[in-house]
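See structure below.
The values are calculated or read from the model by the stated rules, or taken from the named source; none is laboratory data. These numbers come from a predicted model, not from an experiment. All Cβ positions, even for glycine, are placed from backbone atoms using ideal geometry, and neighbour counts span all protein chains on display.
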Amino acid sequence: MSDTSEAANRLEAMRLPLGADEGEQLATIRELYRRYRGAGVSFQQPLEQVPVALFITLLEIGYRVALVADGAGLALRFEPDGSSPRDRAILGPGTAAHSVVSTSAGFVYSTTSRDRVAVVDASSRRVISHVDVGHNPQHLAVSDDHDRVYSANLDSNDVTIIATDVNTSLGTTGISEFPLLPCPDRAGRVWIPSRPTGRIDVVGSDGTVTAHIPVGVAPHDLAISPDGRWAYQPNSVSGTVTIIDAQAMRALGEVKVGVGPCHAEFTPDSSRAYVTNTVSNEISVFDTGTHEVVATIAAGRGPHVPVIDEQGRCGYVANFVSDDITVFDVGTSAVAAVVPVGTYPHSMSLSPDGRTLVVSNTGASTVSLLDTATRRVRATLEVGGAPAHAAFDPHGRLAFVACEVDDRVAVLDLDRDQVIERIAVGLG
């Protein structure tokens with residue numbers, strides 16, 4: 001028997017510490033994954049119940065994991081292929097270039113190492129300054145008027161507000177544990193879900209916490225309707241969406257959806273909302289007039305972030321596990337196409353002119369440029385390790401993609417479909 005076969009037999013018999021806390025579980029999985037990465041060895045853990053939060057966390061940081069049949073039950077099955085997980089943020093020294101946003105004034109902001117946000121001039125493609133934020137900044141968001149950038153800092157449980165006119169910090173406000181993706185509203189506030197506490201903290205533009213809104217178990221990415229009327233909060237463990245009156249900042253109730261709801265997106269006219277159910281591989285379609293699920297769209301395996309075009313006609317969702325994009329018709333809720341992309345499409349952004357969907361293939365260190373007219377990938381570009389979020393210059397001709405492993409931001413020319421720069425945002 002070969003060494004690989006012996007290793008596989010040993011691993012099949014192992015029991016991961018699923019009864020332990022998530023940090024211990026992740027540390028064990030990380031060690032096994034690194035040991036057998038690219039060796040053709042798989043391992044799995046039989047389940048008594050689906051560990052929804054752990055499964056989604058593993059997908060978010062790039063592990064090749066799936067729920068599979070195991071006799072009469074289920075198991076978590078790990079397939080350590082040649083791709084590298086982006087587990088630096090959860091288990092390593094902190095986030096590098098992962099989240100990136102841009103403003104109409106021509107500045108691009110990226111999370112980077114040493115608890116800072118890098119400020120890049122989009123025209124010269126040069127880092128002009130760094131802004132100190134809290135510990136382990138995870139995600140950024142820009143205010144509706146582009147006057148503020150918000151940094152949610154995972155390990156210090158706070159949010160830093162950056163003034164974009166002078167690119168300096170206005171201060172850091174303590175909020176609840178494990179702050180995730182910040183979501184600004186039209187009133188100048190920012191809403192930030194806290195997974196451990198099951199609530200949303202609402203912070204004003206001056207840094208004052210104005211509300212704590214209780215939601216479901218393990219809230220993930222909040223969405224606020226374009227008209228500012230509603231906020232929808234997917235709760236990944238409770239399998240619900242909390243419906244919130246965004247003007248009164250009051251939860252109205254919860255609606256049951258599929259397994260593992262994570263992300264939500266509204267149509268431009270605010271009449272529909274789309275919630276991806278990452279574990280049950282589907283999209284729940286809401287009528288915001290009644291807050292009822294009116295349709296369910298079959299997605300690929302591990303659906304992640306949904307995107308709706310500015311005309312409200314076409315929607316897209318990136319599927320982590322099946323390495324493809326599901327394209328659907330907003331009017332009919334019918335699947336229009338399934339487009340293969342690279343390994344582990346983590347995030348995607350639609351260019352301002354609506355012609356190009358920029359898809360970050362985290363496991364392949366590439367970006368796929370999907371032509372929205374033909375619904376085909378017209379180019380695949382090597383950008384750097386663990387590409388994640390993307391932003392655009394004011395003219396929409398350049399895309400800036402944060403690459404976490406390299407701690408760089410790759411600049412893409414969308415007219416020529418070329419990488420024209422890799423900006424070292426974490427140095428200096």
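For segment 209-313, list the strands (runs of 3 or more DSSP E) that sit wholly inside it and hold at least 3 residues that are under 22 Å from the mean Cα position of the chain (by Cα); which are they? I'd like the intermediate steps shown before the answer.
On the way: elements: 209-214, 230-235, 240-245, 250-256, 261-266, 272-277, 282-287, 292-298, 303-308.
Qualifying strands (runs of 3 or more DSSP E): 230-235, 240-245, 261-266, 272-277, 282-287, 292-298, 303-308.
Could you tell me whether any residue of segment 44-56 is in a loop (DSSP other than H, G, I, E, B), touching a Phe, Trp or Tyr at 6+ places or on another chain (Cβ under 9 Å) and either over 24 Å from Asn277 (Cβ atoms) or free of Cβ contacts under 8 Å to residues at least 12 places away in the same chain (or both)? Break it down into steps so the answer makes sense when it comes.
Step one: list which residues in segment 44-56 are in a loop (DSSP other than H, G, I, E, B), which gives 48-51.
Keeping just the survivors that are touching a Phe, Trp or Tyr at 6+ places or on another chain (Cβ under 9 Å) gives none.
Checked against the condition, which is being in a loop (DSSP other than H, G, I, E, B), touching a Phe, Trp or Tyr at 6+ places or on another chain (Cβ under 9 Å) and either over 24 Å from Asn277 (Cβ atoms) or free of Cβ contacts under 8 Å to residues at least 12 places away in the same chain (or both), segment 44-56 yields no hits at all.
Hey, can you tell me all the residues within segment 343-386 that are under 19 Å from Ala410 (Cα atoms), modelled with pLDDT of 95 or more, surrounded by fewer than 22 Cβ atoms within 10 Å (Cβ to Cβ) and among the small types (Gly, Ala, Ser)?
Answer for segment 343-386, where residues must be under 19 Å from Ala410 (Cα atoms), modelled with pLDDT of 95 or more, surrounded by fewer than 22 Cβ atoms within 10 Å (Cβ to Cβ) and among the small types (Gly, Ala, Ser): Ser349, Ser351, Ala379.
Of (1) closer than 15 Å to Ile200 by Cβ; (2) surrounded by fewer than 19 Cβ atoms within 10 Å (Cβ to Cβ); (3) in contact with a strand residue (DSSP E or B) (Cβ under 8 Å, 6 or more places away or on another chain), Ala248 satisfies all except one. Which?
So the condition that Ala248 fails would be (3).
What are the residues in segment 40-62 that are surrounded by 14 or more Cβ atoms within 10 Å (Cβ to Cβ), in contact with a Ser or Thr (Cβ under 9 Å, 6 or more places away or on another chain) and either among the aromatic types (Phe, Trp, Tyr) or farther than 18 Å from Asp323 by Cβ (or both), if any?
Val41, Val52, Ala53, Phe55
Test each condition in (1) modelled with pLDDT of 95 or more; (2) in contact with a helix residue (DSSP H, G or I) (Cβ under 8 Å, 6 or more places away or on another chain); (3) aliphatic (A, V, I, L, M) for Leu154 and report the one that comes out false.
So Leu154 meets the others, but not (1).
Are any residues in segment 391-418 within 16 Å of Ser351 (Cα to Cα) and of a type in the set (A, V, I, L, M), and if so, which ones? Steps first, please.
Looking only at segment 391-418, we keep the residues that are within 16 Å of Ser351 (Cα to Cα), and these are 391-402, 410-418.
Correct list: Ala391, Leu398, Ala399, Val401, Ala402, Ala410, Val411, Leu412, Leu414.
Examine segment 118-129 for a residue that is in contact (Cβ under 8 Å) with a residue 60 or more places away in the chain, buried (at least 23 other Cβ atoms within 10 Å of the Cβ) and either closer than 22 Å to Leu26 by Cα or among the aliphatic types (A, V, I, L, M) (or both), and state whether such a residue exists.
Among the residues of segment 118-129, at least one is in contact (Cβ under 8 Å) with a residue 60 or more places away in the chain, buried (at least 23 other Cβ atoms within 10 Å of the Cβ) and either closer than 22 Å to Leu26 by Cα or among the aliphatic types (A, V, I, L, M) (or both), which makes the answer yes.
Hey, among Ala402, Ala391, which residue is within 17 Å of Phe107 (Cβ to Cβ) and in contact with a Phe, Trp or Tyr (Cβ under 6 Å, 6 or more places away or on another chain)? Even if it seems obvious, please write down each step before you answer.
Working: Ala402 fails: in contact with a Phe, Trp or Tyr (Cβ under 6 Å, 6 or more places away or on another chain).
When all the criteria are applied, what remains is Ala391.
Starting from residues that are at pLDDT below 95 and outside any loop (DSSP other than H, G, I, E, B), keep the ones in segment 387-407 and report whichever is surrounded by the most Cβ atoms within 10 Å (Cβ to Cβ).
My answer is Pro387.
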